[in-house]
Amino acid sequence: MTAYSDPLVQEWQGFRAEWEDEARDMVKRWREGWPAESSASRSRPALRPRKPDAPAKSTPTAGMTCTSTPGSMRYEWRGDVSSPEIETLHASGFGHAITGYDWRSRLERYSLGWVCAYDCEGLAGFVNVPWDGGTHAFILDTVVAARASRQGVGTRLVAVAASEARDAGCEWLHVDFEDHLAAFYLDSCGFRPTPAGLIRLR
Ligand SMILES: CC(C)(COP(=O)(O)OP(=O)(O)OC[C@H]1O[C@@H](n2cnc3c(N)ncnc32)[C@H](O)[C@@H]1OP(=O)(O)O)[C@@H](O)C(=O)NCCC(=O)NCCS
């Protein structure tokens, strides 16, 4: 397990540690092939509620040298981020052209929330948390700017999302991902592997 100084991630990893043996076994079985045993009947130990981070605006400082470090990153839940800010970050992270996608309207309408990470250059990380209005929330569009990558920002974004979804009454946080991101979602973020399905509709 990667160790981070961040208190929320430490709390989340402490919670995970209670399941570590089982989680390790499930990851092993996931890597060897399905099916893995369901452990849905296990009850989750309570995480202490956390207070959301203080709101912060994206205010890039002209002429300032920006060094993105884990300690200088600010995280917001349901922050006042603009569609172009998200689209610019998303386009660079997922390798597509920047479009006029209306992120804000969709987030407000369909998401339980979203988490933004800011450094001195502005938006450096984002994750969208849509939900079913009840007990299931979903991780989508996880992205971290290249300047801030491999510093634990993605892990922290997901930890904030998990904590907020839990505080909102959700019982389950879902994600699907490509094989090469197993280390990120399973080992670092604490997801357990589970069979899932996907149909390309268009
Ligand atoms: C995936 C992503 C969000 C990870 O963000 P990040 O802040 O760099 O991740 P972290 O620093 O928290 O990574 C923790 C660990 O996860 C694993 N990991 C992170 N990014 C990874 C990647 N791109 N490929 C493989 N493993 C990765 C590593 O084990 C890493 O630990 P290490 O740095 O000590 O090796 C980022 O790489 C990204 O934006 N990718 C492009 C968009 C994308 O594919 N998003 C996922 C959609 S499902």
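Just so it is clear, none of the values below were taken in a lab; they were calculated from the coordinates. Note that the coordinates shown come from a computational prediction; the quantities given were computed from them, not determined experimentally. Methodologically, a virtual Cβ is constructed for each residue, glycine included, from the backbone with ideal geometry; neighbour enumeration extends over all protein chains shown.
So, in region 129-175, exactly how many residues are under 12 Å from the mean Cα position of the chain (by Cα) and on the phi < 0 side of the Ramachandran plot?
Adding up the residues that qualify gives 25.
Read through the list (1) more than 11 Å from the chain's Cα centre (by Cα); (2) near the ligand (Cβ under 7 Å from one of its atoms), then give the number of the only condition that Phe184 fails.
(1)
Write out, first by first residue and then by second, each pair whose Cβ atoms fall under 6 Å of each other, whose residues are 6+ apart or on separate chains, and whose first residue, in region 135-164, is among the aromatic types (Phe, Trp, Tyr) while the second is away from the ligand (no atom under 11 Å from the Cβ).
Hits for this filter: Phe138/Pro130; Phe138/His174.
Can you work out which of the residues in region 70-103 that are small (Gly, Ala, Ser) and under 22 Å from Glu178 (Cβ atoms) is nearest to the ligand (Cβ to nearest atom)?
Gly93
Among the residues of region 75-88, write down those that are part of a loop (DSSP other than H, G, I, E, B) and hydrophobic (A, V, I, L, M, F, W, C).
Matches in region 75-88: Val81 only.
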